[in-house]
1. Kindly give the semi-axes, whole Å and largest first, of the ellipsoid equivalent to region A:141-193, taking each as the square root of 5 times a Cα gyration tensor eigenvalue.
2. Give me the Kirkwood hydrodynamic radius of region B:38-123, using the inverse of the mean 1/r over all pairs of distinct Cα atoms, in Å to one decimal.
3. Using a 1.4 angstrom probe on the protein heavy atoms only, could you order B:TRP188, A:TRP205 from most to least accessible area?
4. Just to make sure I understand: if all protein chains stay in place, what is the order of B:LYS301, B:LYS264 by accessible area at 1.4 Å, largest first?
5. Over region A:37-283, average the accessible area per residue using a 1.4 Å probe and give it in Å², no decimals.
6. For the protein assembly as shown, what is the largest minus smallest coordinate of the Cα atoms on each principal axis, given in angstrom and ordered from greatest to least?
7. Near the amide H of B:ILE52, under 5 Å away, which other amide H atoms are found, from residues 5 or more places off or on another chain, if H is placed in the peptide plane?
8. Going through the cross-link list B:LYS12/B:LYS102; A:LYS167/B:LYS152; A:LYS167/B:LYS61; B:LYS61/B:LYS213; A:LYS170/B:LYS301; B:LYS61/B:LYS301, which pairs have a Cα-Cα distance over 29 Å in this structure?
Amino acid sequence: MSFDDAYQALTDHDDDARWAYGTGFADPLAGVPTALPDGVDGADLAAYCLMLGDDALILSHRLQQWVTRAPELEDEMAIANIGLDLLGQARLLLTRAGEAEGAGRGEDDLAYLRDAPDFRHVRLVEREDPDFGHLIARLLVFSTWRLALLDRLATSRDPVLAAIGAKGVKEVTYHREYAAGWTVRLGDGTDLSHRRMQDAIDAVWPLTGEFFAPHDVELRLATAGVAVEPASLRSEFDAVLTEVLHVATLDQPAPVTVGRTGRDGEHGDELAAILAEMQELARATPGGVW
Amino acid sequence: MNEQAFTATIDKDQRIEPRDWMPDGYRKTMIRQIAQHAHSEIIGMQPEGAWITRAPSLRRKAILLAKVQDEAGHGLYLYSAAETLGADRGDLTRRLIEGRQKYSSIFNYPTLTFADVGVIGWLVDGAAICNQVPLCRSSFGPYARAMIRICKEESFHQRQGYELLMTMMRGTEAQRAMVQDAVDRWWWPSLMMFGPPDAESPNTAQSMAWKIKRHTNDELRQRFVDMSVPQAEALGVTLPDPDLRWNAEREHHDFGEIDWSELKRVISGDGPMNAERLANRRRADEDGAWVREAAAAHAAKRREATARERQEVPA
């Protein structure tokens with residue numbers, strides 16, 4: 001039986017570079033120095049990396065739950081793509097958290113072996129999306145905030161955070177564009193979609209207050225030139241949201257303030273279900289290698 | 001172009017393009033084959049997609065999510081290729097969820113453990129590659145071109161699946177048992193992916209004449225068996241077939257009789273997961289209807305607004 005040359009071409013093993021989205025074997029931080037910058041507390045830096053890493057990890061999990069459920073194939077691809085980008089950011093940040101902590105924990109130890117009170121993400125990322133409008137509303141507020149944050153993080157004194165920020169800006173620019181596009185389509189589309197999009201914005205809005213509530217770790221590291229001061233992101237966030245909601249003919253809810261937050265380890269019941277799903281297999285196979 | 005030109009193009013091993021004249025039977029066969037292939041990619045996202053949120057390491061999670069995303073991409077190229085023949089993606093999706101068009105029966109088996117993710121990559125994607133590489137030379141241009149890209153990505157998935165299994169085989173006893181169990185469950189269904197034996201394959205002769213298909217089902221199945229045996233040895237697993245052995249005379253492996261009644265049962269809709277796979281696809285389609293309607297309504301408003309502006313501005 002003779003087969004085509006194409007078959008031989010498939011056995012070329014040098015095409016790994018086309019494998020995008022952080023799943024390849026190349027280290028996206030290759031060449032970036034990993035020593036802690038002078039005068040930076042390792043425990044603080046570890047805590048900060050967990051905050052930003054957990055935001056990405058948990059939202060990625062919620063997006064993974066949409067796989068095979070999207071309204072169109074193009075959205076199937078977009079949602080998976082955004083989930084992959086955030087998973088890639090989470091991996092880099094958790095790895096950096098482990099390095100800064102100095103106790104030998106890697107990305108998987110931190111993702112799979114911590115319990116709920118040790119997670120540091122904002123509560124917005126935990127909630128389940130009742131429909132596609134909620135997915136979009138959450139992604140809109142999250143990516144608008146995170147783009148502003150990563151953009152400033154790109155000038156961090158920590159070279160690893162600076163590299164993560166610079167890489168993430170390109171990714172999250174697309175996430176925000178995707179979410180804004182659907183916010184406008186749904187807001188402007190039909191009476192039903194307008195109502196659902198407004199309900200979704202109203203539902204996620206109270207959770208946006210956490211974005212700007214400063215945590216002591218963030219403030220200390222901001223003073224040291226490593227972290228971004230949360231309150232500094234508010235004006236960009238407000239300007240973008242006002243513009244997008246206006247074009248989408250949606251009402252902007254009133255600003256909110258918050259007390260204790262996910263940054264302090266305060267979480268809702270939904271996190272328990274997320275962790276049960278995410279961690280079950282890893283914990284059920286002691287000594288397993290994957 | 002007319003029938004003579006069509007035949008001459010086929011005879012010269014050149015491509016038929018969407019605007020060329022083609023016999024109705026060729027068009028119908030191509031639409032059916034491409035649509036079934038597209039449906040298989042989309043339904044095929046489900047068995048592995050179920051493990052993304054539970055993947056036991058972040059690296060495996062990323063690899064799996066990227067793979068399932070690739071499958072959505074393959075579905076998209078293929079539906080687009082079918083649309084060049086006059087088909088409509090929405091209509092093809094309705095045919096799928098109403099059970100009027102088929103998808104590969106392999107996806108009607110359940111994925112019981114994480115080892116299934118690796119075995120699907122190794123055996124199911126491996127079988128798909130054997131089937132699909134010759135399609136890169138299919139006579140219909142858009143399909144052949146889509147297949148080149150798809151085959152490259154599938155071969156990447158196969159290597160990743162095999163690498164996962166290799167890693168698990170170096171792990172604990174429980175992990176090795178998990179891999180063997182998954183191989184036991186997927187081996188025979190993988191052999192069935194090549195379709196009925198040549199003697200009972202009604203469409204093969206015409207498809208070979210039109211160069212839509214380049215090798216018979218049994219030729220491709222043999223190639224797959226010959227390719228898989230040394231890979232199983234390197235992995236350290238046993239393929240569940242007592243009759244599997246090298247035949248020096250034929251220079252191929254002999255293998256046992258396939259349970260064709262099982263294939264017929266699964267194809268006709270009685271596999272373990274048929275109902276659930278279609279119900280999931282139907283639910284996603286129904287849940288997304290309001291979103292698609294909103295997008296269409298928004299686009300229509302934009303078109304009207306643009307038309308009004310053009311009228312208001314004197315040329």
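1. 31, 8, 5
2. 13.9
3. B:TRP188, A:TRP205
4. Greatest to least solvent exposure: B:LYS264, B:LYS301.
5. Result: 35 Å² of accessible area for each residue.
6. Largest to smallest, the principal-axis extents are 77, 74, 42 Å.
7. none
8. Beyond 29 Å: B:LYS12/B:LYS102; B:LYS61/B:LYS213; A:LYS170/B:LYS301; B:LYS61/B:LYS301.
The values are calculated or read from the model by the stated rules, or taken from the named source; none is laboratory data. Keep in mind that what you see is a predicted model, and the values were worked out from it rather than measured. Reconstructed Cβ throughout: ideal geometry from the backbone, glycine too, with neighbour counts over all protein chains shown. Surface areas here come from the heavy atoms of the whole protein model, side chains and all, with no ligands, DNA or RNA. Shrake-Rupley method; radii C 1.70, N 1.55, O 1.52, S 1.80 Å.
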